[in-house]
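Peer 1: Structure below; questions to follow.
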């Protein structure tokens with residue numbers, strides 16, 4: 001996911017956007033290597049150094065505030081968010097490889113790609129969303145579907161979802177945020193059309 005964002009930056013697809021930092025929960029995460037290669041500051045905030053999820057999330061939130069972060073991008077960050085969604089309400093974007101609300105009631109560790117294949121779905125896709133205050137899926141920004149092929153395996157489908165859907169949706173969602181085109185109507189995200 002991070003590589004897709006770095007590519008979008010390289011090709012100047014985001015107006016008024018600067019990737020200020022990459023924060024990882026583990027030193028060995030490949031995102032650290034990608035960030036360093038792209039000359040983006042990278043930080044590790046290791047959850048094992050903190051006694052609770054809340055104290056770890058407060059450390060991450062403090063780091064984000066210290067850097068005056070306006071938008072938090074969940075590009076593979078797989079640690080519970082704790083207090084971060086409360087402190088960055090409607091300013092955290094993530095993606096999931098399914099068309100929400102499909103599989104929204106899944107168990108936390110359930111694999112939505114495997115579930116789509118096991119249930120025999122003909123279409124699947126991905127969703128870009130704002131993270132809700134509970135750390136789950138909040139307002140949906142964009143969705144994109146792809147057909148499931150008869151010879152798809154979890155691995156091939158996961159690659160297609162990432163490359164054909166999630167990378168593109170994340171880039172589009174970031175661009176819309178940076179252009180000031182996203183707003184809320186109740187819990188629903190509204191995309192303001194551009195003046196032609």
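The values are calculated or read from the model by the stated rules, or taken from the named source; none is laboratory data. Quick caveat: nothing in here was measured; it's all calculated off a predicted structure. Cβ coordinates were reconstructed from backbone atoms using ideal geometry, including for glycine residues, and neighbour counts include every protein chain displayed.
Peer 1: Among the residues of segment 1-43, write down those that are in contact with a helix residue (DSSP H, G or I) (Cβ under 7 Å, 6 or more places away or on another chain), under 15 Å from residue 74 (Cα atoms) and in a loop (DSSP other than H, G, I, E, B).
Peer 2: Those that are in contact with a helix residue (DSSP H, G or I) (Cβ under 7 Å, 6 or more places away or on another chain), under 15 Å from residue 74 (Cα atoms) and in a loop (DSSP other than H, G, I, E, B): 1, 19, 25.
Peer 1: Here is a follow-up. Could you tell me how many of the residues in segment 62-79 are outside any strand (DSSP E or B), touching a residue at least 24 places away in the same chain (Cβ under 8 Å) and in contact with a helix residue (DSSP H, G or I) (Cβ under 8 Å, 6 or more places away or on another chain)?
Peer 2: Here the count works out to 5.
Peer 1: Oh, and also: Does segment 116-146 hold any residues that are more than 15 Å from the chain's Cα centre (by Cα) and at positive phi, and which are they?
Peer 2: Across segment 116-146, the qualifying residue is only 120.
Peer 1: Here's something else I'd like to know. With respect to residue 85, determine if the residue is over 19 Å from residue 9 (Cα atoms), without any contact (Cβ under 8 Å) to a residue 12 or more places away in the chain and either assigned to a loop (DSSP other than H, G, I, E, B) or touching a strand residue (DSSP E or B) at 6+ places or on another chain (Cβ under 8 Å) (or both).
Peer 2: So residue 85 fails the test.
Peer 1: Just one of (1) modelled with pLDDT of 90 or more; (2) crowded, with 17+ Cβ neighbours inside 10 Å; (3) at negative phi trips up residue 77, so point out which.
Peer 2: (1)
Peer 1: Sticking with this one: Checking residue 155 against (1) in contact with a strand residue (DSSP E or B) (Cβ under 7 Å, 6 or more places away or on another chain); (2) modelled with pLDDT of 95 or more, which test does it fail?
Peer 2: Unmet condition: (1).
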